[in-house]
Amino acid sequence: MNIAFIGLGNMGGRMAHNLLKAGLTVYGYDLSEVANQHFAEAGGVVCDSPQAAAKQADVVITMLPAAKHVKEVYLGEHGVLETLKAGALCIDSSTIDPKTIQDIAEIAHSKNIKICDAPVSGGTIGAQAGTLTFMVGADESTYQAAKAVLGHMGKNVIHCGDVGAGQIAKICNNLILGISMTAVAEGMALGVKLGIDPKALAGVINTSSGRCWSSDVCNPWPHISENAPASRGYQDGFATQLMLKDLGLAVEAAGQVKQPILLGGMVQQLYQQMCMRGNAHLDFSSIIHQYLPEEA
């Protein structure tokens, strides 16, 4: 099986590495020369365009920042749908709005190409460890085909429904994640301000009712979770600007169906402020800096 992987950033690069470790042939493309170099060092074949990567592929996986990039890769002047052979499978693991992937899937279907959305949860830690959760939107046969590939990169591959359902699950999950990370940051900052040792406080939270992924696996206070971005200067994680994008997707979707988003709207503003302060590239757990202005 030949795989094309488009988007070799913090998440995609680690995901592609796990495919290579599984012994698969992976053709890759990214705008970043540094990302391409790391991919090549891991044994991947670097290509000079998405189409070049897809030319030899049975499966295309995309992990891109936003809907406009996904549209360009699949439907643009040099889009991969013009290159792929009939029967090929496309898996988009980006986090975008449901309608975009549904529109792409309709065009792909006319070319006898299978497509599904499979956004992920688990962050860079899960991407590196191969323990991601994939939320798949597809018909049953496409889901089964995708599952065989995604199993090399994650431990949970969940069928959420038809195309677009994976994106619905993802934006709801990240809405909760953004809120929970902000809540943990607020609690940790308050506790330390009141005088408790941060490790002692985290130990209590993580053995009590406040425990969650944001407190345990990716605690925003440095050196609580040694593998978390907070322990490496909030670098090489899930960027604040991407969390802001995902919260925007949730708020926009809520507006379309007239569903109240109260906490999400407040947290969206906090992440907007982080980006405006020049911290868009830092991991989203750096939201704790909103509570520690003297250290931000």
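For this structure, a couple of remarks:
- In units of the rule-of-thumb radius 2.2 N^0.38 Å, segment 168-291 shows an alpha carbon radius of gyration of 1.04.
- Vicinal HN-Hα couplings computed from phi for segment 4-16 (Karplus, 6.51 cos²θ - 1.76 cosθ + 1.60; Hz; Gly/Pro x): 9, 10, 10, x, 10, x, 4, 8, x, x, 5, 5, 4
- Only beta bridges with both residues in segment 112-173 are counted; by DSSP, about 35 percent of them are antiparallel.
- Cα radius of gyration and Dmax for segment 122-180 (Å): 11.8, 35
- Note on the chain: antiparallel DSSP beta bridges, both residues inside, total approximately 15 percent of the bridges counted.
- Note on the chain: GNM, Cα springs under 10 Å; of 212, 116, 90, the largest mean-square fluctuation is that of 212.
- Per residue of the chain, the DSSP helices (runs of n ≥ 4 H) give a summed -39500 (n - 2.57) that works out to -14000 deg cm²/dmol at 222 nm.
- P(r) of segment 1-149 over all Cα-Cα pairs, binned every 5 Å from zero, in whole percent: 2, 11, 22, 26, 23, 13, 4, 0
- Here the Karplus relation 6.51 cos²θ - 1.76 cosθ + 1.60, evaluated at θ = phi - 60°, turns the backbone of segment 185-200 into coupling constants of 4, 5, x, 5, 5, 5, x, 5, 4, 7, x, 7, 5, x, 5, 5 Hz, with x for every Gly and Pro.
- In loop segments of segment 1-110 as defined by DSSP, the GluC sites (Glu not before Pro) with at most 14 further C-beta atoms inside 10 Å of their C-beta are 77.
- Ranked by the mean number of other Cβ atoms within 10 Å of their residues, highest first, the peptides 172-184, 93-105 fall in the order 93-105, 172-184.
- Using only alpha carbons, segment 182-236 has a radius of gyration to Kirkwood radius ratio (Rg to Rh) of 0.94.
- Other-chain or far-sequence residues with amide H under 5 Å of residue 60's (modelled H): 4, 89, 90, 91
- The alpha carbon radius of gyration of segment 20-74, expressed as a multiple of 2.2 N^0.38 Å, is 1.12.
- Summarising the amide proton neighbourhood of residue 161: residues at separation of 5 or more, or on other chains, whose placed amide H is nearer than 5 Å comprise 138.
- The lysines whose alpha-carbon is closer than 18 Å to the alpha-carbon of residue 114, local same-chain residues fewer than 8 away aside, are 55, 71, 85, 99, 147.
- Counting every C-alpha pair in the chain, the share spaced more than 30 angstrom apart comes to 32%.
- For segment 278-288, the Karplus equation 6.51 cos²θ - 1.76 cosθ + 1.60, evaluated at θ = phi - 60°, returns couplings of x, 10, 4, 7, 6, 4, 5, 5, 5, 4, 4 Hz by residue, with Gly and Pro reported as x.
- Taking the Cα centre of segment 2-162 as reference, the dipole from Cβ charges on Lys and Arg (+1) and Asp and Glu (-1) amounts to some 380 debye.
- Amide H within-cut-off set for residue 238, under 5 Å, with H built and near neighbours excluded: 124, 284
- Placing unit charges on the Cβ atoms only, positive for Lys and Arg and negative for Asp and Glu, gives the chain a dipole magnitude near 360 debye about its Cα centre.
Since every read-out is calculated from the coordinates, none of them should be taken as a lab result. Since the model is a prediction, treat every value here as computed from it, not as a measurement. Ideal geometry is used to build each Cβ from the backbone, glycine not excepted, and the neighbour counts take in all protein chains shown.
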